[in-house]
Amino acid sequence: MSEVVRLSLVSHAMTDAVAAGRFPIDEPLNSVGHRQVDAAIELGPVDRAYCGPEKRARQTAELLGLRAEVEPLLADLDCGLWRGDVLSGVRPADLAIWLTDPTKAPHGGESVVELIARVRRWMDAVTDKRGRLVAVTHPAVVRAAVLIALDAPPKSFWRIDIAPVSRTVLHFRGHAWTLRSN
């Protein structure tokens, strides 16, 4: 039997920015987020845990009882000048470009293609870690990981919905990632 990397990607819990439909900032979980983690799924045994550097990811990991290593490659998509703005505060033409062309970042931050490349670097680095890994991160990072596992085009990024404190499971066996339904 070949050794397998079992990677559970957990999306951080609710924050005020998520609840208000604002582009994310580095903020803590709100009271709803705390309750979501209390009702979270059971992760089972974990050999190694990681989390994004933002407060919301670190807090979610702590509340899940994980001793997670902070991993900069698991940081949220950089929304540049739009950080903290509401969706309706962005010029419609700029938003349309960002949502339809994954190579563009009209906000001066990171493009979807750049995010996918960053997440791919991290996923490549953990392929030699055998066992059960958990990464508490952001919906954008989870979307990128799913696209990588499925070898799907970057334009599919916005078609994947990732709920707060949801778990997405990937396996690496041999030379490829697979998406596992639970």
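The values are calculated or read from the model by the stated rules, or taken from the named source; none is laboratory data. Just so it is clear, the model here is predicted, and its values are computed rather than measured. Using ideal geometry, Cβ is built from the backbone for each residue, glycine included, and neighbour counts are taken over all protein chains shown. Only protein heavy atoms, including side chains, enter the accessible area calculation; ligands, DNA and RNA are left aside. Shrake-Rupley method; radii C 1.70, N 1.55, O 1.52, S 1.80 Å.
Based on C-alpha pairs under 8 angstrom that are at least 6 apart in sequence, segment 5-180 has a relative contact order of 34 percent. With the simple spin-label model, which puts each label point 7 Å out from Cα in the Cβ direction, the Ser31 to Trp158 separation comes to 3.4 nm. Among Ile162, Ile116, Ile41, whose mean-square fluctuation peaks in a Gaussian network model of the chain (Cα, cutoff 10 Å)? Checking each option, the largest mean-square fluctuation is seen for Ile41.
Round to a whole number: what % of the accessible area of segment 86-181 belongs to carbon and sulfur, probe 1.4 Å? Reported share for carbon and sulfur atoms: 52 percent.
Note on Lys55: lysines with a C-alpha under 26 Å away, same-chain residues under 8 apart excluded, are Lys129. Averaged over residues, the count of other Cβ atoms within 10 Å places the peptides 31-40, 5-14, 126-135 in the sequence 5-14, 126-135, 31-40, highest first.
When the Cα gyration tensor is reduced to axis lengths a ≥ b ≥ c, the ratio a/c is 1.5 or higher for the chain, and with a/b not above b/c it is classed as oblate. Using only the C-alpha atoms, the convex hull of segment 3-87 corresponds to 101 Å³ per residue. In the elastic network of the chain, a GNM with C-alpha springs shorter than 10 Å, the most mobile of Leu77, Leu95, Leu147 is Leu95. By the helix-only formula, in which each DSSP H run with n ≥ 4 contributes -39500 (n - 2.57) and the sum is divided by residues, the chain has a 222 nm mean residue ellipticity of -9000 deg cm²/dmol. Taking other residues whose beta carbon is less than 14 angstrom from the beta carbon of Val112, and scoring Lys, Arg as +1 and Asp, Glu as -1, yields +1.
Near Lys155, which aspartates and glutamates are there with a Cα under 19 Å away, not counting those fewer than 8 places off in the same chain? Partners found: Asp76, Asp78, Asp94, Asp101, Glu110, Glu114. Beta bridges per DSSP, both residues in segment 5-180: antiparallel share near 50 percent. The local environment of Ser31, defined by Cβ-Cβ distances under 12 Å, has a net charge of -1 under the rule Lys, Arg +1 and Asp, Glu -1.
Note on the chain: with a GNM built from Cα contacts shorter than 10 Å, the maximum mean-square fluctuation among Gly21, Gly80, Gly44 falls on Gly44.
For Arg132, neighbours were defined as the other residues whose beta-carbon sits under 13 Å from its Cβ, and their charges (Lys and Arg +1, Asp and Glu -1) total +3. Distance from the alpha carbon centroid of segment 35-112 to that of segment 143-182 works out to 15 angstrom. The label-point distance for Glu62 and Lys129, in a model that sets each label 7 Å from Cα toward Cβ, rounds to 2.0 nm.
Accessible surface computed residue by residue for segment 5-180, with neighbouring protein chains in place and a 1.4 Å probe, gives 49 Å² per residue. Between Thr178 and Lys104, what is the label-to-label distance in nm when each label sits 7 Å out along the Cα-to-Cβ direction? Modelled inter-label distance: 3.9 nm.
Working ranking of peptides 151-159, 64-72 by packing, defined as the average number of other Cβ atoms within 10 Å per residue, highest first, is 64-72, 151-159.
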